[in-house]
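See below for the structure under consideration.
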Amino acid sequence: MDAGASTFSAAGAKLVFDRFDRDGPVALVTAGGGVRLEGGGGMPVLMRFTALGAALGGYQFIREWGAVTVFAGPEASWEALSGPGFVQALPLRAGFRLHGEVWARPTETTLMTATVILGSARGDAYARISWGTALFGAYLGPEAAIYGDQTDYRKWSVGLHVTDYAMGGYRLRLSAGGQLETPLNQWNPYLSLAIWSAL
């Protein structure tokens, strides 16, 4: 979940066909939705609601220093625009998604992560990178991300994260910082929470 001037949340499952600690084929199924403001600067302010899902297949490469995973597969997106006195539903769009992740431990006490996602259903791209050092049972450090799609919307964010903190049978990542969104061109705080667990 990412919450700020715009909000997006998603849930999913990563499936392996052997073991998580070995090279092998994997699958990733996700579904989510969100809302954001658009317009301003003399234009009407609109709300864009988005729902999307994807079912991806891929392969993971496990090394002593970390893991690299690549996915590809179909995605679908549905959107609606809402403004003063109207609601417009847009057609369902299908496309293809590429998704890559790196979790690396350059040293015994550091963690570097990188994620890149490209999708054709909405013509969007997302990238995030983070670095952290071990502290109090997790990794603490800076992060930065960028997102854009085929509309004029762009989002840049920078902040701090706490990653891989164990709580019960779950692990989590908590991030906070500031983000700039266009075309509104306003800096706003954001909060991001990711929770995962092995089943």
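The values are calculated or read from the model by the stated rules, or taken from the named source; none is laboratory data. Nothing here was measured: the structure is a model prediction, and the numbers come from that model. Cβ atoms come from the backbone with ideal geometry, glycine included; neighbour counts cover every protein chain shown. Calculation scope for accessible area: heavy atoms of the full protein, side chains included, ligands and nucleic acids excluded. Shrake-Rupley method; radii C 1.70, N 1.55, O 1.52, S 1.80 Å.
Using a 1.4 Å probe, what is the accessible area per residue for the chain, in Å²? Don't skip to the end; give the middle numbers.
On the way: 11090 Å² over 199 residues.
Accessible surface, normalised per residue, equals 56 Å².
Quick one: net charge around Leu140, please, counting Lys, Arg +1 and Asp, Glu -1 for every other residue with C-beta under 12 Å from its C-beta. Spell out each step's value before the answer.
Working: positive: Arg173; negative: Glu143, Asp164.
After counting each charged neighbour, the total is -1.
Stretching the chain fully between Phe136 and Leu118 yields a gain of 3.0 nm (0.36 nm per residue, less the alpha carbon separation).
Calculated FRET efficiency, Arg105 and Tyr59, Cβ-Cβ r, R0 22 Å, to nearest 0.05? According to the calculation, E is roughly 0.60. When you have a sec, figure out the Kirkwood radius of region 125-199 from all distinct Cα pair distances and drop it here in Å to one decimal? Evaluated on region 125-199, it is 13.5 Å. Region 1-68 and region 73-108 have Cα centres lying 8 Å from one another. As I understand it, the dipole of the chain uses +1 on the Cβ of Lys and Arg and -1 on the Cβ of Asp and Glu, about the Cα centre. Which of Gly159, Trp187, Pro74 lies farthest toward its positive end? After comparing all options, I get Pro74. For region 1-155, the percent of C-alpha pairs falling in each 5 Å distance bin, counted from 0 to the bin holding the largest distance, reads 2, 8, 14, 18, 18, 15, 11, 7, 4, 2, 1, 0. Relative to the Cα centre, the charge distribution of region 106-170, modelled as +1 at Lys and Arg Cβ and -1 at Asp and Glu Cβ, gives a dipole magnitude of about 120 debye.
Of the GluC sites (Glu not before Pro) found in region 80-188, those in coil by DSSP whose Cβ has at most 16 other Cβ atoms within 10 Å are Glu108. Using a Gaussian network model of the chain in which every pair of alpha carbons under 10 angstrom is joined by a spring, one finds that among Thr30, Thr107, Thr182 the greatest mean-square fluctuation is at Thr107. Taking Cα centre as origin and charging only the Cβ of basic (Lys, Arg, +1) and acidic (Asp, Glu, -1) residues, the dipole magnitude of region 45-199 rounds to 80 debye. Taking the chain as a Gaussian network of alpha-carbon nodes connected by springs under 10 Å, the highest mean-square fluctuation of the residues Arg122, Arg36, Arg22 belongs to Arg22.
Below 8 Å between Cα atoms, with a sequence gap of 6+, how large is the relative contact order for region 1-155 in percent? Can you show the working numbers first?
Values: 378 pairs, mean separation 20.6, N = 155.
Reported relative contact order: 13 percent.
Label-to-label distance, Met1 versus Ala125, with points set 7 angstrom from Cα along the beta-carbon direction: 3.1 nm. The residue among Gly83, Trp103, Gly58 whose Cα reaches farthest toward the positive pole of the charge dipole of region 43-112, with charges on the beta-carbon of Lys, Arg, Asp and Glu, is Gly83. Asp2 exposes around 60 Å² of accessible area when a 1.4 Å probe is run over every protein chain in place.
Keeping all protein chains in place and using 1.4 angstrom, which order do Lys155, Lys14 fall into by accessible surface area, from largest down? Walk me through the numbers before you get to the answer.
Numbers: Lys155 45, Lys14 75 Å².
The residues order as Lys14, Lys155, largest area first.
Per residue, how big is the convex hull around the C-alpha atoms of region 1-54? Give it to me in cubic angstrom, could you?
Cα-based convex hull of region 1-54, divided per residue, equals 100 Å³.
Here the 3J(HN,Hα) profile of region 54-70, calculated from phi with Karplus coefficients 6.51, -1.76 and 1.60 at θ = phi - 60°, is 8, 10, 10, x, x, 8, 10, 10, 9, 10, 4, 8, x, 9, 10, 10, 10 Hz, Gly and Pro shown as x. For region 91-199, the set of chymotrypsin sites (Phe, Trp or Tyr not before Pro) satisfying both a DSSP loop assignment and a count of at most 12 other C-beta atoms within 10 Å is given as Phe136.
Roll a 1.4 angstrom probe over the protein heavy atoms and tell me the percent of accessible area of region 73-199 that is carbon or sulfur.
Numbers: 4850 of 7120 Å².
Roughly 68 percent, rounded to a whole number.
Can you list which of the GluC sites (Glu not before Pro) found in region 1-89 are DSSP loop residues with at most 12 other C-beta atoms within 10 Å? Spell out each step's value before the answer.
Working: sites: Glu38, Glu64, Glu75, Glu79; in loops: Glu64.
Sites meeting the loop and neighbour criteria: Glu64.
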